[in-house]
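Step one of this worksheet: look at the structure below.
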Amino acid sequence: MNSDPSLPAELNPPELRRYLRRVGDRWQLDAAYLGGARLADIRGAGAQRERGPEYVLVLVSEHFDGVPWLERVHQCGMLWDTREMRGQAEVHCYTPLELERKVAQLRKVRDVVEDGVDLLA
């Protein structure tokens, strides 16, 4: 993430790294993707659009297996620093197998995985 030129300073890369460490202390992450309105703004999306969530995070870990989905989302969501990031995040937490299904089923997840920023690159 540090060397990723697609992660502008406006997205607060130091806090994103801290967030990933907080999550990683609980579950080793296999992948992490960031999308949402803030990224769309930076990439030049027009003002006349349905804004949607400020941040959308898709977190992937084999270690989510056996952890109820709502518990994963709640815990990872609680680790997000809304004040530091100046916006709330919609957090999605999947195992790799679940991610395959969700990419096929949910446009929002597919868009973040395909067009968002790979935070672990």
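A short reminder: the numbers here are calculations on the coordinates, not readings from a lab. It should be emphasised that the depicted structure is a prediction, and the values quoted were computed from it without experimental measurement. Because the Cβ atoms are built from the backbone with ideal geometry, glycine has one as well, and the counts that use them run over all protein chains shown.
Tabulated results
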| item | result |
| --- | --- |
| Long-range amide H partners of residue 92 with built H, under 5 Å | 57, 58, 59 |
| Beta bridge orientation in segment 28-118: antiparallel %, DSSP, nearest 5 | 55 |
| Quotient of Cα Rg and 2.2 N^0.38 Å for segment 55-121, N being how many residues it contains | 1.10 |
| Counted charge near residue 63, where neighbours are those whose Cβ lies closer than 11 Å (Asp, Glu -1; Lys, Arg +1) | -1 |
| Coordinate range along principal axes, alpha carbons of the chain, Å, largest first | 41, 30, 25 |
